[in-house]
Every structure is written in C-alpha cells, then in structure tokens.
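The values are calculated or read from the model by the stated rules, or taken from the named source; none is laboratory data. Since we're looking at a predicted model, the values are computed, not measured. As a convention, Cβ positions derive from the backbone with ideal geometry for all residues, glycine included, and neighbour counts pool all protein chains shown. Protein only, heavy atoms only, side chains kept; ligands, DNA and RNA dropped before computing areas. Shrake-Rupley method; radii C 1.70, N 1.55, O 1.52, S 1.80 Å.
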Amino acid sequence: MAGWYHDLGGCEQLDDGVLHDHDGHVWFVSSHTEVPLLGSLLPSDVVALLCDPDLVLRLARSDSVTGAVRWQDPTTYRPGAATARAVRSRDGTCRFPGCATAAMRCQLDHVVRHPEGPTEAPNLQSLCATHHAFKHHAGWHVAMDPLGVCTWTAPDGRTHTTWPLDRHGHRAA
Ligand SMILES: [Zn+2]
C-alpha cells in the first residue's frame with residue numbers, strides 16, 4: 001500500500017498502460033479498471049489520469065461481488081503535488097500578460113498539449129480560468145523556454161513576454 005503514496009507527477013508515459021517515474025521505476029496498469037457510475041477504464045485512460053498534475057486520488061476498497069465500499073482512506077492524495085507546487089511557486093501569478101491572479105488560484109496548463117508535451121514543470125504553466133479559456137478558444141498562442149519565460153502571440157500577431165518569479169523579479173507588463 002505504501003507504494004501508492006509515491007510522487008507520480010511528471011511521469012513519462014511509455015506506452016498504453018505503462019508509466020515511468022523519476023526514479024526509473026516502471027509502473028503497469030495491468031487491466032481494465034471498473035469505476036462505479038463510469039464503467040470500465042482502459043489502462044491507457046488510467047495512465048492519462050495519473051499523469052494529470054491536478055489529479056486528486058482517494059483510496060477505497062470495495063466488495064468484489066457487490067461493489068459496496070468497505071473501507072475508504074480519509075485523506076486524498078495528489079500524485080503530481082510536487083510538480084504542481086514547483087510550477088505555482090515559479091510562476092507566482094497567472095502567466096497571461098498583465099494578469100495578477102495568484103497562481104494558487106490558477107489551473108495548470110500544458111504549454112504543449114498532453115500527451116505530445118510532458119507533464120513536467122518546463123511544459124506546465126499557471127493560468128486562471130479566464131485565460132485558460134483564452135488560450136484554447138481566443139486565438140492566443142504561447143511558447144515557453146526551458147527557464148519558464150513565456151512568449152504569447154496575440155491574434156493580431158503582436159507578442160508579449162511574461163517572466164517567472166525567480167527571473168530577477170521581472171513580471172509581465
Ligand atoms: Zn489570468
């Protein structure tokens with residue numbers, strides 16, 4: 001059971017149903033997973049869920065015949081908590097130009113869409129709900145360099161740069 005409490009944040013997805021973590025361990029999701037009210041999840045679906053840095057897990061044991069929950073862990077667990085913390089403390093605020101929404105109230109966005117881009121800090125940024133929607137629906141484009149500097153391109157082609165907190169205290173203008 002202790003193995004479940006393992007930081008899977010930023011795991012590399014090797015193949016359908018296979019995860020590769022930071023310590024070089026390989027995790028297998030061996031079979032379909034039955035989820036009450038949802039039905040059967042494929043191993044690749046479970047792996048995709050486990051790669052999400054904002055995922056919250058709660059462990060439960062259920063009766064194999066009736067499906068009734070016999071035991072439930074009172075605590076929740078975020079596999080990607082360490083990665084999420086690192087991204088939010090690097091960013092400080094929403095990374096959209098001029099937005100001051102605190103990173104703690106932001107969603108984590110894959111700069112390069114998952115699964116093409118990894119669930120790792122250099123490919124994750126904090127965006128408030130409004131600007132998360134801007135990125136996906138309003139024609140803005142963003143690229144991030146390995147130091148976490150974001151270059152946004154507006155629908156009119158103009159570019160705006162936003163900086164992580166640790167870059168000389170620069171903030172977006
Ligand atoms: Zn914002």
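Values for this structure:
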read-out: Accessible surface, per residue, of the stretch 81-162 when the full set of protein chains is kept, probe 1.4 Å, Å²; value: 50 Å²
read-out: Relative contact order computed over the stretch 81-162 (Cα-Cα under 8 Å; 6+ residues apart), in percent; value: 25 percent
read-out: Whole-Hz ³J(HN,Hα) from phi, Karplus 6.51 cos²θ - 1.76 cosθ + 1.60, for the stretch 83-96, glycine and proline x; value: 5, 4, 4, 4, 5, 5, 6, 5, 7, x, 9, 3, 8, 6
read-out: Candidate residues S89, S126, S40: accessible-area rank, largest first, probe 1.4 Å; value: S89, S40, S126
read-out: Rounded to whole Hz, the Karplus (6.51, -1.76, 1.60) HN-Hα couplings of the stretch 150-160, x for glycine and proline; value: 9, 10, 9, 10, 6, x, 8, x, 6, 10, 9
read-out: Sulfur and carbon atoms: percent of accessible area, the stretch 81-162 [1.4 Å]; value: 58 percent
read-out: Loop trypsin sites (Lys or Arg not before Pro), the stretch 94-155, which have at most 13 other Cβ atoms in a 10 Å radius of their Cβ (DSSP); value: R113
read-out: Amide H contacts under 5 Å for L124, placed H, 5+ residues apart; value: V111
read-out: Cβ-defined net charge surrounding L127, 14 Å radius [Lys, Arg +1; Asp, Glu -1]; value: +3
